[in-house]
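A short write-up of the structure that comes next.
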């Protein structure tokens, strides 16, 4: 009996050793080799989704452009997407009414980005065994949603000798789709922030998740969490700027000014190139005094003029978008 038990135990141990050395360990090695590729490709998909969503804010490359962090933080609601898409159409075939000079065709670019995203997702299907079920499912949802509409449709449908055009040439009907994609984009980035094998020098720049998380928490209004992440940022220059922003929002003004001064001393960039740092504080007297103390007057004045002009431009664009929305709503009612 004892001999049988020893034989069984020995056999089990031998099987375990065989499984470890010929199955488990090779699988772990393969996993560690494949994950950097998978994580890199998922990051590229994420970048293309961001570019896709940014198209709603396209202004023919002119100011003002959307703050990317708003999209990353998923604070853009469906009504804002609907408004932003009010002057967007698919292509030039939709430029047929009195508002044609105000319309921006973006269908070709949406098609290109959609194809890039779908190809990236399809390419990852070869690596499903090294991916989590949540990654696979979310990518499938993104592909289904982003291909819900055709981005190459032509305006006008012929009936006999007549050609009929839509009353509303815009793609504001896609607003719900844009919002759903933004939701998935937000969820995808939460997965990306947990990546362990991603090359930090992604696409030529050092990717710091603590910096990205701090910016997102800041945009969401979670300033304490944003501050906690800011303290972990590896680049001292970025760290000082982000800590200043968080402390300012936490109403720790004097402490924030200390980090502002450190930030201004460690960067050679002119204020106009780091303007996002001051988007919520440029009109604060103490902050302005510190800027004038650390930089020359012309540089500070240029920054203030930029924000003033930006506010005017945004106001003009929003007014035009509301005008277009009212125009087409009334046209459809007729």
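Just so you know, all these numbers are worked out from the coordinates, no wet-lab data involved. Just so it is clear, the structure is predicted and the values come from calculations on it, not from any experiment. Here the Cβ positions follow ideal geometry from the backbone for every residue, glycine too, while neighbour counts run over all protein chains shown.
How long is the gain from residue 329 to residue 305 if the chain were fully straight, where each residue apart is worth 0.36 nm and the alpha carbon distance is subtracted?
Numbers: separation 24, 0.36 × 24 = 8.64 nm, distance 3.63 nm.
Length gained between residue 329 and residue 305: 5.0 nm.
Given R₀ = 41 Å, what would the calculated FRET efficiency be for residue 13 paired with residue 194, taking r from the Cβ atoms and rounding to 0.05? Step by step, r from the Cβ atoms, then E = 0.70.
Helix 175-192 and the longest principal axis of the C-alpha atoms of the chain enclose an angle of approximately 40°.
Multiplying the residue separation of residue 136 and residue 5 by 0.36 nm and removing their Cα-Cα distance gives an extension gain of 42.7 nm.
Against the compact-protein benchmark of 2.2 N^0.38 Å, the Cα-based radius of gyration of the stretch 177-314 scales to 1.15. Relative protection proxy for 287-298, 231-242, from highest mean packing down: 231-242, 287-298 (other beta-carbon atoms within 10 angstrom). Inter-label distance, residue 69 to residue 100: 4.2 nm, where each label sits 7 Å from its Cα along the C-beta direction. Could you estimate the translational diffusion coefficient of the stretch 53-180 from the Stokes-Einstein equation, with Rh from the Kirkwood formula over C-alpha pairs, at 10 °C and 1.306 mPa s, in whole µm²/s? Using the Kirkwood radius from Cα pairs, D works out to 97 µm²/s.
Quick one: which of 180-190, 247-257 comes out on top by average Cβ neighbours within 10 Å, and what's the full order, highest first?
Details: 180-190: 18.3, 247-257: 16.3.
My ranking of the peptides, most packed first, is 180-190, 247-257.
Determine, from the Cβ-Cβ distance of residue 176 and residue 224 and an R0 of 30 Å, the FRET efficiency 1/(1 + (r/R0)^6), rounded to the nearest 0.05. It comes to 0.35.
Rounded to the nearest 10 degrees, the inclination of helix 285-294 to the longest alpha-carbon principal axis of the chain is 80 degrees. Taking the number of Cβ atoms within 10 Å of each Cβ as an exposure proxy, the fewest-first ranking of 133, 175 is 133, 175.
Of all the Cα-Cα pairs you can form in the chain, what percent are over 31 Å apart? Across the chain, Cα pairs with separations above 31 Å total 50 percent.
Were the residues from residue 50 through residue 153 laid out at 0.36 nm apart, the gain over their Cα-Cα distance would be 34.8 nm. Which percent of Cα pairs goes in each bin when the distances of the stretch 61-123 are cut into 5 angstrom slices starting at zero? Histogramming the stretch 61-123 at 5 Å steps yields 4, 13, 16, 21, 24, 14, 7, 2, 0 percent.
Per the helix-only calculation at 222 nm, which mean residue ellipticity applies to the chain, given -39500 (n - 2.57) for every DSSP H run of n ≥ 4 and division by its residues, nearest 500 deg cm²/dmol?
Calculated at 222 nm, the ellipticity per residue is -20000 deg cm²/dmol.
For the chain, the longest principal axis of the C-alpha atoms and the axis of helix 297-333 are separated by about 80°. Would the stretch 133-205 count as rounded, prolate or oblate if I go by the C-alpha gyration tensor, calling it rounded below 1.5 in a/c and otherwise prolate when a/b exceeds b/c, oblate otherwise? In terms of gyration-tensor shape, prolate.
Set the Förster radius R0 to 25 Å, insert the Cβ-Cβ distance between residue 186 and residue 268 as r into 1/(1 + (r/R0)^6), and round the FRET efficiency to 0.05.
Result of the calculation: an efficiency of 0.15.
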